[in-house]
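Here's the structure we're looking at; comments come further down.
Coordinate-derived values only; no laboratory data. Everything numeric in this text was worked out from a predicted model, so none of it was measured. As a convention, Cβ positions derive from the backbone with ideal geometry for all residues, glycine included, and neighbour counts pool all protein chains shown.
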Amino acid sequence: MRQVHDHVLGIECADGRQAMREVLRMSPKKKADEEETVDYEDFEEGEADKEIVELGTEGESGIEVTDLPGVGPAIAKRLSEAGYRSVEAIAVASPSELAAAGSIGETTSTKIIKAAREMLDIGFETADLLLERRKTAGRISTGSTALDELFGGGLETQSITEMYGSFRSGKTQMAHQLAVMIQRPEGEGGLDATAIYVDTEGTFRPERLVDMAEPYGMDPKKVLKNVVWARAYNSDHQILLCDQAMEMAPEKNAKLLVLDSVTSHFRAEYTGRGTLAARQQKLNKHLHHLQRGAEINNMAVYITNQVMSRPDAFFGDPTAPVGGHVLAHVPQTRCYLRKSKGERRICRLVDSPNLPEGEAVFTVTKDGIRDV
Ligand SMILES: Nc1ncnc2c1ncn2[C@@H]1O[C@H](COP(=O)(O)OP(=O)(O)O)[C@@H](O)[C@H]1O
Ligand SMILES: [Mg+2]
């Protein structure tokens, strides 16, 4: 039963997703939006169930939660059940959240967080150390040299890159491309690592990973295994999956988290003007968690955001990306994608802490993202 549950709510390998799609193809009566009701036992005997992700009990540091002063097995268990499975996760928690999760007092939780931060050496540091850390940031190629140049050598780890643009501008194709490129060796556009893909719109297609891997002569089976995927069903689920992703990243050697898209559930769930503040607060917290995860795991976080094109829709400027000023302050790199003539796309770097504004033109082909 647990496996079925994991399939429904958890993260699975892209090849499992492929298997599911094949099952669906074999039963023509099932429509795409009925995917969730698939009989998961269909492929429990296959490869897919072996790939169910076990969440690790340790973070990158290797320090165990029970090594923290005041955390015995009982508290550790409660914290783990609430998602705090590593010293890293505890170090960046807020005292009230941790207190509630562990059924402990806030004074105790503050002490535990402080101890976790000391163990991990989190706190103020001098700029030279920060520069050293930034030098360890990796770059992921987009498949297009023009785009890579725009990004100063590719998408950077330790930070969030937001791609916003209208429907069919190429945001999802880029997500697939990055999930393939991350697996390439260092020096060949990748980081010899894996990807975690959180899909909120049901547009993840393992076939596209295979298409994009082929031109590089990569083994499609391996490429699929190196992408773990989950469908997020609402904003709370999305947040939970992203937190899980950050926790399992070290164990999976994941250096890329895709969140496609960050705003769709929030947009659907918070519809009235009166709900704006609550939505923005939740989004803000969500993005800050992603940011911390990106830094701790030396990971690139790629998030997409669909621009509203309906003038009657939503709050404020109808051409502005959803999420407005909250999103604007968290992602370090923000890009605006738009369609041009034919299959041409223009990517505009709107905001970056260390790169000049600029534009690059690329195209989406069967093989993936390419220069024009
Ligand atoms: N197999 C393919 N071959 C060529 N182009 C493709 C293929 N699959 C998707 N595309 C291109 O990608 C577009 C969809 O882009 P997508 O990334 O899904 O947009 P967004 O996520 O911004 O809404 C399609 O309109 C098409 O131009
Ligand atoms: Mg999309």
Plugging the Cβ-Cβ distance of ALA268 and HIS329 into 1/(1 + (r/R0)^6) at R0 = 25 Å yields, to the nearest 0.05, a FRET efficiency of 0.65
Exposure-ranked with fewest Cβ neighbours within 10 Å first, ASP121, ASP67 stand as ASP121, ASP67
Over all viewing directions the Cα convex hull of region 133-371 casts an average projected area in nm² of 11.9
So, with points 7 Å from each Cα along the Cβ direction, the ALA127-THR108 label distance in nm works out to 4.3
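Net charge within 13 Å of LEU276 by Cβ-Cβ distance, Lys/Arg positive one each and Asp/Glu negative one each, not counting LEU276 itself?
+3
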If each part is reduced to its alpha-carbon centroid, region 124-185 and region 337-372 end up apart, in Å, by 14
Total charge of the residues flanking PRO95 in space, meaning their Cβ is under 11 Å from its Cβ, with Lys and Arg +1 and Asp and Glu -1, is 0
So, with points 7 Å from each Cα along the Cβ direction, the GLU201-ASP219 label distance in nm works out to 3.3
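Quick one: length gained pulling HIS237 to HIS288 fully straight, 0.36 nm per residue minus the C-alpha distance?
Details: separation 51, 0.36 × 51 = 18.36 nm, distance 1.66 nm.
Stretched fully, the HIS237-HIS288 segment lengthens by 16.7 nm.
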For ALA254, the residues 5 or more places away or on another chain with a placed amide H closer than 5 Å to its own amide H are THR194
Phi angles of region 103-118, converted by Karplus (6.51 cos²θ - 1.76 cosθ + 1.60, θ = phi - 60°) into ³J(HN,Hα) in whole Hz with x for Gly and Pro, give 6, 10, x, 5, 5, 4, 5, 4, 5, 5, 4, 4, 4, 4, 5, 5
Checking rank on 182-188, 329-335, with mean other Cβ inside 10 Å and highest first, the result is 329-335, 182-188
Phi-derived 3J(HN,Hα) across region 68-81 with the Karplus relation (6.51, -1.76, 1.60, θ = phi - 60°), rounded Hz, x for Gly and Pro, is 6, x, x, 10, x, x, 5, 5, 4, 5, 4, 4, 4, 5
In this structure, among LYS222/LYS366; LYS77/LYS285; LYS252/LYS366, pairs with alpha-carbon gaps over 23 Å are LYS77/LYS285; LYS252/LYS366
Ranked output for segments 199-209, 150-160, 82-92, 170-180 by mean other Cβ atoms within 10 Å, highest leading, reads 170-180, 82-92, 150-160, 199-209
Charge tally for neighbours of ARG348 with beta carbon under 11 Å away, counting Lys, Arg as +1 and Asp, Glu as -1, is 0
For region 152-164, Karplus-derived ³J(HN,Hα) couplings (6.51, -1.76, 1.60; θ = phi - 60°; whole Hz; x for glycine and proline) come out as x, x, x, 5, 8, 7, 6, 8, 9, 10, 9, 10, 10
Ordering 354-366, 233-245 by per-residue average of other C-beta atoms within 10 angstrom, highest first, gives 233-245, 354-366
Rounded to one decimal in nm, the spacing of the 7 Å Cα→Cβ label points at GLU251 and LEU355 is 3.3
Shape descriptors of region 181-243 over alpha-carbon atoms, Rg and Dmax in angstrom, are 13.2, 39
